[in-house]
Amino acid sequence: MPQPLRLSAPAKVNLCLAVGDPRPDGYHPLVSLAAAITLEDRVTIEAAPRLQVLCSAAGVPEGEANLAYRAARLLAAAAGREPAVRIRIEKRIPVAAGLAGGSTDAASVLLGLNRFWALNWSLPRLAELALRLGADVPFCLQGGVALMEGVGERLTPLQGLSPLHLVLAVPPEAPISTAAAYRELDRQRVRGTDLDQARVRVGAAVEAWRAGDLAALGRAFFNDLEPVARRAQPVLNGLIGRMHGAGALGVVVSGSGPATVALCPEPTRAQDLARELAAAGFWAEAVQIRSLSPGRFD
């Protein structure tokens, strides 16, 4: 019987995010500069009589509504075997905050079960299943920093980038539904973003990053969903202003929010800002970008 397997499940931030018009199937094409960060959940896989998902966070579903559960069922069905495993998720990523917490747990389950069951499937083969689970799961499978396109399935890894010192902050208000945020975005605007122009903007951000021009990188941050998040939670307006006032080089809401990312010029500034925001009642943490090879397995 295989020994229990432990993996990390890194959160993801969007430093840039452009959203096009919805396709006939309801999905939105996008262009995003996405990065895995050092904030992570911990996932443990062990043999069990039946499939079971246990999560340390209150309110997280543990059956079919849980993306990790669905990932295990999907891979088991594709491999022609019973999903007789227990999956334990130790949550550190805030739930429904725009940080791909559920998606990264699902990606870690795909990677973990591939090893646990000795399937030896390739990453592209796993990525086909990942896309069926959600737009962020293929990126979470790969990690690192990447240009995301299509509905998340087209990934161009970006390497050789300097470290970034970021602060994440999440207000104590209720989480924001990703699906509701996209519906509200469609309701509020006449047409989607021109994705060709968005690629140029993302390219400029990457160029600034490669050049080590953090001020220019911070100015290049953008997110089409940010106005929706700020209207849903006006507290974000004050949070963003506070981050800028503390010397952040750039501030952006990640994904559908409400998690907000501040780029700091140095690690001590990031740690100071995180402590200040935590004292003000926000969930806050200083984090860094993870490398392309995150070393998920213990």
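A few remarks follow.
- Arg73 vs. criteria closer than 29 Å to Arg290 by Cα, of a type in the set (Lys, Arg), open to solvent by 70 Å² or more (accessible area, probe 1.4 Å) and at pLDDT 95 or above: yes
- Residue in region 22-34 that is open to solvent by less than 40 Å² (accessible area, probe 1.4 Å) and either among the aromatic types (Phe, Trp, Tyr) or part of a loop (DSSP other than H, G, I, E, B) (or both) present: yes
- So Gly63, is it assigned to a loop (DSSP other than H, G, I, E, B), small (Gly, Ala, Ser) and without any contact (Cβ under 8 Å) to a residue 24 or more places away in the chain: yes
- When the test is whether a residue is assigned to a loop (DSSP other than H, G, I, E, B), open to solvent by less than 30 Å² (accessible area, probe 1.4 Å) and of a type in the set (A, V, I, L, M, F, W, C), Ile93 passes it.
- Identity of the residue in region 55-70, in contact with a strand residue (DSSP E or B) (Cβ under 6 Å, 6 or more places away or on another chain) and within 23 Å of Glu173 (Cβ to Cβ), that ends up surrounded by the fewest Cβ atoms within 10 Å (Cβ to Cβ): Ser56
- Scanning region 156-181 for residues that are within 28 Å of Leu123 (Cβ to Cβ) and either out of contact with any Phe, Trp or Tyr (no Cβ under 9 Å at 6 or more places or on another chain) or open to solvent by 60 Å² or more (accessible area, probe 1.4 Å) (or both) turns up Thr156, Pro157, Gln159, Gly160, Pro163, Leu166, Thr178, Ala179.
The values are calculated or read from the model by the stated rules, or taken from the named source; none is laboratory data. Everything numeric here is computed off the predicted structure, so don't read it as measured data. Counting neighbours? That spans all protein chains shown, and the Cβs are built from the backbone with ideal geometry, glycine included. These accessible areas exclude ligands, DNA and RNA; they are computed on the full protein's heavy atoms, side chains included. Shrake-Rupley method; radii C 1.70, N 1.55, O 1.52, S 1.80 Å.
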